[in-house]
Each structure stands twice: as C-alpha cells, then as structure tokens.
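**Student:** The structure that follows is given in the form of structure tokens.
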Amino acid sequence: MEFSELREAIEKVGLVDAHAHNIVALDSSFSFINAFTEATGTAALSFAPHSLSFKRNVREIAELYGCENSLKGVEEYRRSSGLESSRLKCFEAARISAILIDDGLKLDEKLGIEWHRSLAPFVGRILRIETLAEEILDSEIPDGWTLDKFTEAFVTKLKSYPFIADKIVGLKSIAAYRSGLEINTNVARKDAEKGLTEVLRDGNPTRIADKSFIDYIFTMSLEVSLSFDLPMQIHTGFGDKDLDLRLSNPLHLRMLLEDERFSKCRVVLLHASYPFSKEASYLASVYPQVYLDFGLAIPKLSVQGMISSVKELLELAPIKKVMFSTDGYAFPETYYLGAKKARECLFSVLRDACIDGDLTLAEAIEAARDIFSLNAIKFYKINVDANAFSSKDTVSVNPVKIESRALENSSSLVRVLWVDTSGQHRCRAVPLKRFNDIVIKNGVGLTHASMGMSSATDGPADETGLTGVGEIRLVPDVTTRKKIPWMERQEMVLADMHLRPGEPWEYCPREALRRVLKVLKDEFDLVMDAGFENEFVLLKSVSWEGKEEWVPIDSTPYCSTAAFDAASPILDEIVGALHSLDITVEQLHAEAGKGQFELAMGHTTCPLSADNLIYTREVIRAIARKHGLLATFVPKLALDDIGSGSHVHISLLRNGENVFMASGGSSMHGISSIGEEFMAGVLHHLPSILAFTAPIPNSYDRIQPNTWSGAYQCWGKENREAPLRTACPPGIIDGLVSNFEIKSFDACANPYLGLAAIGAAGIDGLRKHLRLPEPIDKNPSLCANLPRLPQSLPESLEALKKDRVLEDLIGEKLLVAIKGVRKAEIDYYSQNKEAYKQLIHRY
C-alpha cells in the first residue's frame, strides 16, 4: 500500500495547538535544559541527558539550527542568534495555525499573551482556575477573606472573561498537582471554609493545596463553564515530581463524570494521561463529555513510547474526540518538537491502522485532519478556517488533489497584497491550487518599477533609480493568510519582496521595518508596539448637471449619535469582519468632519500592527462599497473641513512589559528615561519623518493649526493640538504615561515605512540620550517662537535629504526611491491643482 498521500496530507495540515504555555525572554533564569525533561533539581537533571527523548530532541534542534549536536551547542546558537531568530525558525518549521495558551504557569521573564500573537494567525487563552483563585486571595480586602467573599469575587471574575477583549476559550485545572483527581463535587460548606482558613494561614504568595478547597473551586468553575459552554482542560498523567502520579489517573474522575449536573460539561484529559492512556481511551469511549489531548507525551517519550501511547488512545476513543497539542512552554523549540514529532508519530500510527485494516487510506487522511485541526476548531469554537482542512470528497490517489479538492470547496482565488512607496494597496490574484502548489514557495513575479510609482502615475518616477527592467518575487507571508470576510471563496495574504525566494529585496517596506526593529532589539532589548486610529469619510454618489459626484453622507457633528445610528449597519459589518480577521477594535465614533468616522484598533507589535492596518483599510473600503458608498482616507477631502489622519500610538516593551512608562514617582512627566530618549529622538527628527508619514502634498492641507493635526514641532501631555501627545488611558495609574501618539501620520503613508522612520528616530534618541523640552500645555499656535513643522511636502523632503540618521538605518537605495516618488508627487500636483480630488479612488 502506498502512503505518500497520507504523508503529504499530514505534512501540509496547519496545526491547531490546543494546549501550550508562554515563552520566556532569552535572559530568563528558567534553564534551557528544562525544554527536554520534566526532571527538577541538580541531581535529577544530571541524569536527564541520558534519556532517549533528551538525546533525540537535542539532535532534532541542532539539525534545525545547523549547529553542534549538543546541549551546549544549541544554547550557544540561541544566545548568539537571539529569541527572534529562534522563534522564526521554530514556528516556520512547525506550521501552526492556532495556539491556545494556558498562561497560569509561573515562569521567570514570561512574555505576555500579546507577544505570542505573531506566532500564529489565531492565539487564544486558556484560564487556569487555581492561578485565578490564588491571585484573588493574594489581594487585600477590608476585614479579610471569607468563603462568601471569595466565592463572589471568584465567580464574578470568572464570568467576566468571556466578555473582555482578551476573552478565554476554555478553563484549565491542575488539581492533579495539588490534591489529586478524585474530585468531590459535593464539598460541604464547613469543609470548604476550613480549607480556605488553612490556605490563608500559610500566607502570601498563596498556594492552594487543601483538597476540599480545591474541589470547591473546581465545582464552582464547572458551573460557570456550563453556563458559557466553555470546556475544562484537566491535567492527567505524568508531570514533574510535585505531582503524585497515583492520584493523576483519570479513573479517579468517576464521581465528577457521573454527576448529572455536569454531564454536559466538556472535559479534556491532557497529556494522553500517560501512563494511563488506555484508561483515558476507555473514558472517552463511554462518556460523551470526555475528550483527549496527547501533548507532552509527544515529544517527551521515546519514539516507541509516543507511538504506543497514541495507539492506546485510539484503541477505544472516537477519532473525533482526540486532539493535538505541543504543550510548548518557555522555549520556541518545545513548540517545534511537539509539532514535528506529532506529525511523524501520527503518520506511523495511521499507516499501521491502514495496514492492519482498521482504516482505509481515505479514512486515515480524514483522521489526520481531524486530530490535527478540525476537532479542536469545532471543540473550542475558534476562529480559523476549518474548511481549509476538510475532506468530505473521496480522496484521490493523486497526492496533489487531496489538498486542492478540500480547499477549493471554500476558496477559488488568493489575493497577494503589497503596499507601494506611495502607500497604495495593490494586489495580484492567483487561483488557489497554483497558490498552494507554486506561489507559497516561489512567489509571484513583479517589476522593479512597482516601488517607484507615485499616487498619480502607474509608472516609475524619474529619480527613484527604478525602471521597468528587472523583476522581483512577491513571496506570501503565510502567517498573514486570511479568508476574505466580504468576498465568498476568496482569501488574501500579505507579501514580502524578495530578489529570489529567501533573499529580501532592499526596497521591501516590510523588510525595512524589520531591519530597524532588529537594531532596536539588538542594541536596547526593546520591542516597539503600535496601535492605529483610522479616520475615514463615507461618501455617497449624487448626480449634478449630468455628472457623478461623491459627497459626504451627512453633516453631523463630532460623536453625533444620529450619525452613528445612520451608519450602524455599515459599522456593525465592519467590526464583525475585523473580528473574523482577529483584529481588535477598541472603539469607534462619528468624527468632526462631514461624513467622517474614526475606528481605533488595539495595539500590538509593529509588524502585526501594520499588517492589521492594511487589512482594516481593506475591510472598511470593501464593506462601504458593498453598501453603495465610497470610503476614503484622503488626508484633506475638502479644504474647508477637518482632515482625516491615521494617528499612531507608540509604546516600548522589554520582556513583554511596558517600559515607556515610568516605574515610580521619579519622572516629572510619567515617562521612563528610555521612553523620554526615544520620544525625544522622534520629536527631533519629526520634520523628516513627515516625508514618510505625510507623503503627498494634500497631507499638508491637513496639518494646519487648530485642526487637531499637530502643526508645530512640540509635544504635550494630553494636548491634542501637539503632534506628539503623551497618553494616560483608562487603567493606567494617574500621572504615568503608557504611550505617546503621533498625530502627523495619515493613510497615504505606507505604514511599514512610517513605523520604520519613527523607530529609526527613536533609536537615534536612545543612542544620543536626547531629552525632551518642556511640554506645551496650551494651544501651540499661541506660543511665541515655537517652530512650525514643514508646511509642504517640499519642506519635509528637504529635511529628509539632510537627515543622515534615517538614511543609515532605513537604507540608502530605498531612501532614494522614496525621495524620487515624493519629488514626482510635488511636480504633478503643483501642475494639476484639482487633481487631489481624484485621490478618493486611490486612498
């Protein structure tokens, strides 16, 4: 029997990692040896390198990195290459589509959930109930904790999670580590009170180990999970030595499973319940609410151990109840190993099932897709494309047709998007089969001239150094691949520009941003976060003297309820589409201009924030078009009205923590010294940054005094007339500043290039230890001797020509192209005074 088709299906499926943990910073005290063993303590760890799985897994990582095959060799590679390099290598190889993270595991220098969003198209959160209970008890309340007060606080907090922005997709319990799995779902009140008393007596930090109190917490959590239809993951089987293995046998869960109140509470037995895999298989076969997950057993066992454990799970359990996870933690390498060995192991198990006659080849392929993705997508109700891995059709013996048939049921075309130097969104569409077979690996051809085009002409500008001679490759960044919400059976993906696959082109905007951010990370161990606000105008078509004109849909004022009400069908659809793309919307409202609205996005790492901005603009324009309207982001649609910006909020992170904000009362302005130096660099270089962030002549019609756009070179605290505004949003301690806003940024800007310029300026501020002047606490137009920012594109272009810092960090050739495009914009619009009115069809 030929199994190449099964192997190909397993290799290509995008994995849904249904149980994992946070990654830590490179300087964490959590030793890298822990990636390969559950052993703890010097003595036990000294023997760990002599286990089969340890030897194999170190070798696998060394082969991935191309380094010496030893723990020391891998550690040296990690230190020299950095976390970002390890992350990219491991997750590119792992091909994970979604990750569900239990962030309750205590780890030194643990990175936050937001950092992990770049690892996969979907990242969800699993809430560990014991950690939540301990955090509550660690907080101080008047007159101390009682059982009633704790119960109210715990249940209220638990019920809030499904409705907050960072909502959870499931609960998790580690009762096996504390008191065992013989959960009593009918704990007497006096026993729970006694247990709470025992826990409180041990003091802070709280560690809950009393069995009655743990069972009480577990039962309360089940009641909430039942109300919100949230599954409960349960640690079963092996772990580190804190766990009494005798009490982690899932058969101990009988009382819980037989309790009629919780018969519809879906539970997941984690870690293949090893060494109780057969027992877990039995439970899944007789209890409809029991599901299985085999993370940790893979890759921590020997090859035969992994295979036998998965085979035991499948002896009785329905395939539709078995799910994959890496149980990745602390290090990207654990995710890679979990993914790689799971693919290999499941291939072996399903191949043997075919040979033994348990499955046909078609059934084995369907089982692989179910176990690796579809089961978890359905079970956790997560927002990834399930159709991409469905296999309802009969499987052909031709291996190419397995994937193409399944995918073509849901999509026919893939749009490959890029943003050029003038900030215009462009795309090429390719049939899905060609995209999967050729384009993912080899890209799409594109002329060099594409990065030399202005907003007025689809040809290379004279002084860009780019012509129609020469071709690059648009290589899809598959981590950005999305189903198009407004267009059935189409997808979209953002692309990098390569000279040839694997060799970035120096004119690529996404690569330019990565280069700048790498310097920021390598020199200062900082990550730049960004969150954009989108101002746009909705236009309707009217006929005037036989000609079509586009005019604003209304003339209502700022935050008008009438405007919002009238546009609600469109706005609701926009928010729904963005939600389907996993893009956070923080708020939206009617703005001050005619027909104008603003949509504020959540903040995240700069590359992802720029990606999200591109998709957000695509969504807004497409949904408006669907309703017969035109959405435009043009900076100054009408010279007598308020303009539209794309304000961006910037913050700095180190090890997942905001370090732009001052850590105490030592700062006069609530900003850390690092934050001040970075922001001072941006303020210093702002005139030349405008050539990136305000890139067309029309941009400067917007940047005028008394129009909320920031016309003077200054900064202020919550001063919305200053181009740089420090912000203290709700939830931040009064007097501290979590980010600063740059108002002189509009939607004609390429966001990757705009953020690269901001990052480069900030780096210069850090290198030179620049300091901010005193903030402006009134309208800047009333301040004497305050310098104006460039009042035209020629002025900002002249500032850019003198700015050696931006040239050094962004790249000489790319900067030549940018200057050439800006010069072409100046020439065209100076000769065609009314041409700006046509920009509504480009931006």
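The values are calculated or read from the model by the stated rules, or taken from the named source; none is laboratory data. Computed from a prediction, not measured in an experiment: that's the story for all the values here. Note: ideal-geometry Cβ built from the backbone for every residue, glycine included; neighbour counts use all protein chains shown. Please note that ligands, DNA and RNA were not included when accessible areas were found on the heavy atoms of the full protein model with its side chains. Shrake-Rupley method; radii C 1.70, N 1.55, O 1.52, S 1.80 Å.
**Student:** To the nearest 10 degrees, how steeply does helix 129-138 sit against the main Cα axis of the chain, on a 0 to 90 scale?
**Tutor:** Around 70 degrees separate the two axes.
**Student:** Could you work out the relative contact order of the stretch 1-122, using alpha carbon pairs under 8 angstrom and six or more residues apart, expressed as a whole percent?
**Tutor:** About 43 percent, as a whole number.
**Student:** I'd like the carbon and sulfur percentage of the solvent accessible area for the stretch 3-160, probe radius 1.4 Å, heavy atoms only, ligands and nucleic acids excluded.
**Tutor:** Carbon and sulfur together cover 53 percent of it.
**Student:** A 23 angstrom limit on the alpha carbon distance is what I want to check against. Which of 300/378; 594/837; 278/321 exceed it?
**Tutor:** With Cα atoms farther than 23 Å apart: 300/378.
**Student:** Past 24 Å, Cα to Cα: identify those pairs from 768/801; 636/813; 636/823; 167/483; 433/483, in the order given.
**Tutor:** Violating the 24 Å Cα-Cα cut-off are 636/813.
**Student:** Continuing with the same structure: Counting Lys and Arg as +1 and Asp and Glu as -1, what is the net charge of the other residues whose Cβ lies under 13 Å from the Cβ of residue 572?
**Tutor:** -1
**Student:** Which GluC sites (Glu not before Pro) in the stretch 412-504 pass both tests, a DSSP loop state and at most 15 other beta-carbon atoms within 10 Å?
**Tutor:** Filter output for the stretch 412-504: 488.
**Student:** Taking Cα centroids, how far is the stretch 461-480 from the stretch 692-727 in Å?
**Tutor:** Measuring centre to centre over Cα atoms gives 32 Å.
**Student:** Also, I was wondering about something else. Given a 1.4 Å probe, how much area per residue of the chain is accessible, in Å²?
**Tutor:** On a per-residue basis, the chain sits at 40 Å².
**Student:** Here's something else I'd like to know. Full extension from residue 241 to residue 146: what is 0.36 nm times the residue separation minus their Cα-Cα distance, to one decimal in nm?
**Tutor:** 31.0 nm
**Student:** If you take every residue apart from residue 539 with its C-beta less than 10 Å away from the C-beta of residue 539, what net charge results, scoring Lys and Arg +1 and Asp and Glu -1?
**Tutor:** Residues near residue 539 contribute +1 overall.
**Student:** What whole-number distance in Å separates the alpha-carbon centres of the stretch 6-76 and the stretch 131-188?
**Tutor:** Distance between centres, Cα-based: 32 Å.
**Student:** How do 72, 300, 149 stack up against each other in accessible area, from largest to smallest, with a 1.4 angstrom probe?
**Tutor:** Output order, biggest surface exposure first: 72, 149, 300.
**Student:** Further question: How high is the FRET efficiency from residue 59 to residue 29, r the C-beta distance, R0 35 Å, rounded to 0.05?
**Tutor:** For R0 = 35 Å, the calculated efficiency reads 0.85.
**Student:** Then there is this: Of 271, 669, 627, which has the most accessible area and how do the rest follow, probe 1.4 Å?
**Tutor:** 627, 669, 271
**Student:** From a point 7 Å beyond the Cα of residue 720 in the direction of its Cβ, which residues of the stretch 549-564 have a backbone N at a distance under 14 Å?
**Tutor:** Counting only backbone N, you get 557-560.
**Student:** With labels modelled as points extended 7 Å from the Cα through the Cβ direction, what inter-label distance (nm, one decimal) is found for residue 804 paired with residue 568?
**Tutor:** 6.0
**Student:** Just to verify a number: what accessible area does residue 157 come out at with the full protein assembly present, 1.4 Å probe, Å² rounded to tens?
**Tutor:** Rounded to the nearest 10, that gives 90 Å².
**Student:** Still on this structure: Can you give the relative contact order of the stretch 751-843 as a percent, counting alpha carbon pairs under 8 Å and 6+ residues apart?
**Tutor:** Here the relative contact order equals 33 percent.
**Student:** In the stretch 698-773, which trypsin sites (Lys or Arg not before Pro) are in a loop and have at most 16 other Cβ atoms within 10 Å, using DSSP for the loop call?
**Tutor:** Those satisfying the criteria are 720, 771.
**Student:** Taking 0.36 nm per residue of separation and subtracting the Cα-Cα distance, what length does fully extending residue 447 through residue 198 add?
**Tutor:** Using 0.36 nm per residue and subtracting the Cα-Cα distance, I get 82.5 nm.
**Student:** Would you mind calculating the gained length between residue 72 and residue 558 on full extension (0.36 nm times residue separation, minus the Cα-Cα distance), in nm to one decimal?
**Tutor:** Once the chain is fully extended between residue 72 and residue 558, it gains 168.8 nm.
**Student:** Moving on to the next point. Classify the stretch 589-633 from the C-alpha gyration tensor, please: rounded if a/c falls under 1.5, else prolate or oblate depending on whether a/b exceeds b/c.
**Tutor:** oblate
**Student:** Sticking with this structure for a sec: Identify the GluC sites (Glu not before Pro) of the stretch 508-612 meeting these criteria: DSSP loop state and at most 10 other C-beta atoms within 10 Å of the C-beta.
**Tutor:** 545
**Student:** Which FRET efficiency, nearest 0.05, do residue 733 and residue 499 yield, Cβ-Cβ r, R0 60 Å?
**Tutor:** It comes out at approximately 0.75.
**Student:** Probe 1.4 Å, all protein chains in place: accessible area of residue 708 in Å², nearest 10?
**Tutor:** My reading of the accessible area for residue 708 is about 140 Å².
**Student:** Which whole-angstrom value gives the distance between the alpha carbon centres of the stretch 520-549 and the stretch 194-270?
**Tutor:** Taking the Cα centre of the stretch 194-270 as reference, the centre of the stretch 520-549 is 48 Å away.
**Student:** I'd like the orientation of helix 147-160 relative to the chain: the angle between its Cα long axis and the longest Cα principal axis, in ° from 0 to 90, rounded to 10.
**Tutor:** So the helix axis and the longest Cα principal axis differ by about 50 degrees.
**Student:** If I take every Cα pair under 8 Å that is 6 or more residues apart in the stretch 690-834, average their sequence separation and divide by the length, what percent do I get for the relative contact order?
**Tutor:** 29
**Student:** For the full complex of protein chains and a 1.4 angstrom probe, list 496, 808 by accessible area with the highest value first.
**Tutor:** Largest accessible area first, the residues go 808, 496.
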